[in-house]
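Below: the structure, in structure tokens.
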Amino acid sequence: MEMVIVAPPAPGRLEDLRRRFFATPLQAVVSLACLTIMVFLVWKLLNWAVFSAVFTTSGGPEACQATAGACWSVIAARWRIIFFGLYPYEEQWRSALACVAVVVMTVLSCIPAFWTGRRIALVWGAGTGLFYVLMKGGVLGLAHVGEEAWGGLALTLFIFVTTCLIGFPLAICLALLRRSELPWISRTTGLIIDGVRSLPLISILFTFAVVLPFALPQWLQGDKLYRVILGSALFFSAYQAEIVRGGMQGVATGQEEAAMALGMRYWQRISRILLPQAMRNAMPATINQFVISFKETSLVVIVGFFEILASGNAAYGTGEWRFAYVEVYAFIAFIYFIFVFSLSRYGAFLERRMSVSER
Amino acid sequence: MISTNSTGEPALRIENLDKYYGTFQALRGINLSVQRGEKIVVCGPSGSGKSTMIRCINRLEQHNGGRIAVLGTELNDDVGNIDEIRREVGMVFQHFNLFPHMTVLENCMISPMIVRKQPRAQAEATARHYLEKVRIPEQAMKYPSQLSGGQQQRVAIARALCMQPQIMLFDEPTSALDPEMVSEVLDVMVTLASEGMTMICVTHEMGFARRVADRVLFMDGGEILEEAPPDEFFTSSRNERTRQFVSQVLGH
């Protein structure tokens, strides 16, 4: 028998849909059922969030309670608390500018053109300096605002950024020490890393905030905020050190030998040959660690700081808006989403950019 | 800085070299002296210590006994000496070991710039000169992974030459190559030899040995068993083990 093989014509879009979802009667039923559920859920959500929602504060909380939709007026009425926490009302523009400074600093340091030692140091120095002066005041005619009054988004960003700025270099140091050829150095470092990793973050924060002052002389204590940041940076570095070490193990031993044979010194080999390749290997896990750290900033509430999540509690927690907690949490979730999602997309961009040199 | 030779000091002098990996003795009392401009080919079965020996010369392996002096500088724990020797000794590896995150040009420029502190323009000129010499100037802006094995190995040679070393070490430079790419690498090495470079090559390319080598060394069990000019080495070897090896590598 003669067989003639003809390539089937490419299906049109409708035909493709029919084949995927309506190939058999049973499949058609299941597809329709799923579609109905989806449409129903999306409609309910839209109806709650948009169509029946109250957006203006004119009617006050009472207007919200009269409708079945979302009460976004709580955000309109209380957004200052969410973003700025307990920061004095007249000075809140400073907190807003400080947030902008941190975001600009982060965005700039994500641009490859700024990846030289001098530029990145300049960006970070200027960014954190500006943040500190704006928030703390006491100079340039700005009223003094103590760290205990910092809060909201500004505090969340500050804790996250400083945790990473301190924790990341520390992580690289720990990773390098752990692969030292001297056993007592590598073992001690390993012990420190594993020790820190086996403690819960909350207990570390608590120790640094509350217990440490008893052990340190007055002049070494600093403000509670900076002790908490140090604790959180230590925690971050213990995890990140293992990620960096994993990345280093993925670099062929021949790379370091070639660098040695070319006469490069230890730090030249590390900075020019080993770390660039190790960080590329470690990129997905590193982005993951950043994302986790961003969300873990919310734990500082247990030592009495009102970062964005805790400020949200305060926003609906006082009397009249008590019923509107879902809206507040949805709004805060959206803010988290913006930051974390940008971070993830940036990670994807970095991976694409780095893969250019591999293939 | 090491002065160019005027005292008759050999490029390399190895005396009673011992090397252990744990309890396994990889090198046993190696003695070798190499004059400037001399080309040495080292051969022998795998595990005989050839690679270990040349890796001791630039301290990729640390020796446990005996002495090594490179260009008159004693190789010991003195980091300054090690740095000085590594600057003057280039090495080419079996697996190329190019830096994958840098372009070919950057591979060639980095060490002159950060080790020899050359200005960028000078390092680039040198790099382009040597890339020309290994006949791949047009690949300068590519990344190593975009090149064939033979091209990568020629880049590795150019990279080593950019440091303008006085001695070149080759550790089985053609063993990892597809057969059709072996000759392009050997051609570059032959040219280099004809220009008077001091070379120590671990290789099984006996045609290359015959053409270029001043002396051929045969190693087995961590010892140098035979040392002779190529003609003598291939035709009238005194050592039974050497004759057997030569007949095996030339047998096909």
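Assorted remarks:
- Counting only lysines at least 8 places from A:K136 when in the same chain, those with an alpha carbon closer than 22 Å to its own are A:K224.
- Here region A:213-359 is described by how far its Cα atoms reach on the three principal axes: 72, 46, 17 Å, from widest to narrowest.
- Look at the stretch A:302-312: the mean tally of other chain Cβ atoms within 10 Å of its residues' Cβ atoms is 0.
- Region B:165-225 versus region A:227-293: alpha-carbon centroid distance in Å: 37
- Each Lys or Arg adds one and each Asp or Glu subtracts one; over the other residues with Cβ under 11 Å from the Cβ of B:K19, this totals 0.
- Computed magnitude of the charge dipole of region A:119-209 (debye, nearest 20; Cβ of K, R +1, Cβ of D, E -1): 260
- Evaluated at q = 0.19, 0.20, 0.24 Å⁻¹: base-10 log I(q)/I(0), Debye formula over Cα of region A:103-203: -1.02, -1.05, -1.19
- Peptide B:20-27, shielding by other chains (average Cβ, 10 Å cutoff): 0
- Coupling constants for region A:223-239 follow from the phi torsions by the Karplus curve (6.51 cos²θ - 1.76 cosθ + 1.60, θ = phi - 60°), and in residue order they are 6, 3, 4, 6, 5, 5, 4, 4, x, 5, 5, 4, 4, 4, 5, 5, 6 Hz; glycine and proline get x.
- Separation between Cα centres of region A:76-124 and region A:295-359, rounded to whole Å: 15
- Seen from A:Q249, the other residues with C-beta closer than 14 Å to its C-beta sum to a net charge of +2, counting Lys and Arg as +1 and Asp and Glu as -1.
- Neighbours of B:R135, meaning other residues whose beta-carbon lies under 11 angstrom from its beta-carbon, give a summed charge of -2 when Lys and Arg score +1 and Asp and Glu score -1.
- Note on the protein assembly as shown: Rg/Rh from Cα positions, Kirkwood definition for Rh, rounded to two decimals, is 1.13.
- 25 °C / 0.890 mPa s Stokes-Einstein diffusion coefficient of region B:182-238, Kirkwood radius on C-alpha pairs, µm²/s: 202
- Counting only DSSP H runs of at least 4 residues, each contributing -39500 (n - 2.57), and dividing by the residue count of chain A, the helix-based mean residue ellipticity at 222 nm comes to -22000 deg cm²/dmol.
- Normalised by the number of residues in chain B, the mean separation of alpha-carbon contacts (under 8 Å, six or more apart) gives a relative contact order of 25 percent.
- Volume of the convex hull of chain B (Cα atoms only), normalised per residue: 133 Å³.
- Mean Cα-pair separation over length for region A:73-357, i.e. relative contact order, pairs under 8 Å, 6 or more apart, %: 24
- Viscosity 0.692 mPa s, temperature 37 °C, Stokes-Einstein D of region A:73-357 from Kirkwood C-alpha radius, µm²/s: 159
- Dipole magnitude for region A:73-357: computed about the Cα centre from +1 point charges on Lys and Arg Cβ and -1 point charges on Asp and Glu Cβ, it is near 700 debye.
- The charge dipole of the protein assembly as shown, taken about the Cα centre with unit charges on the Cβ atoms of Lys, Arg (+1) and Asp, Glu (-1), comes to about 1100 debye, rounded to the nearest 20.
- Residues B:K117, B:K19, A:K224, arranged from fewest to most other Cβ atoms within 10 angstrom of their Cβ, appear as B:K117, A:K224, B:K19.
- The residue list A:A121, A:G195, A:A278 was ranked by how far each Cα lies along the charge dipole of region A:73-357 toward its positive end, using unit charges on Cβ atoms, and A:A278 comes out on top.
- In plain terms, the residue of A:F337, B:F245 with the fewest other Cβ atoms within 10 Å comes first and the most crowded comes last, giving A:F337, B:F245.
- Considering only A:A258, A:A315, A:A121, the mean-square fluctuation computed in a Gaussian network model of chain A, springs between alpha carbons under 10 angstrom, is largest for A:A258.
- P(r) of region B:61-176 over all Cα-Cα pairs, binned every 10 Å from zero, in whole percent: 14, 42, 31, 12, 1
- Peptides ranked, highest mean first, by Cβ atoms within 10 Å: ranges B:209-220, A:141-152: B:209-220, A:141-152
- Normalised alpha carbon radius of gyration of region A:234-286 [divisor 2.2 N^0.38 Å]: 1.19
- Alpha-carbon radius of gyration plus Dmax, which is the widest Cα pair, for region A:167-250 in Å: 14.1, 45
- Relative intensity, log₁₀ I(q)/I(0), of region A:1-93 from a Debye sum that treats every alpha carbon as a point, q = 0.18, 0.24, 0.26 Å⁻¹: -0.92, -1.12, -1.17
- No Cys partner within the rule (Cβ under 4.7 Å), chain A: A:C34, A:C99, A:C110, A:C164, A:C173
- Cα-based reach from A:K44 at 16 Å (exclusive), listing aspartates and glutamates while leaving out same-chain residues under 8 positions away: A:E327
Read-outs throughout are calculated quantities, based only on the coordinates presented, and are distinct from any laboratory measurement. Since the model is a prediction, treat every value here as computed from it, not as a measurement. No Cβ is skipped: glycine too gets one built from the backbone with ideal geometry, and neighbour counts run over all protein chains shown.
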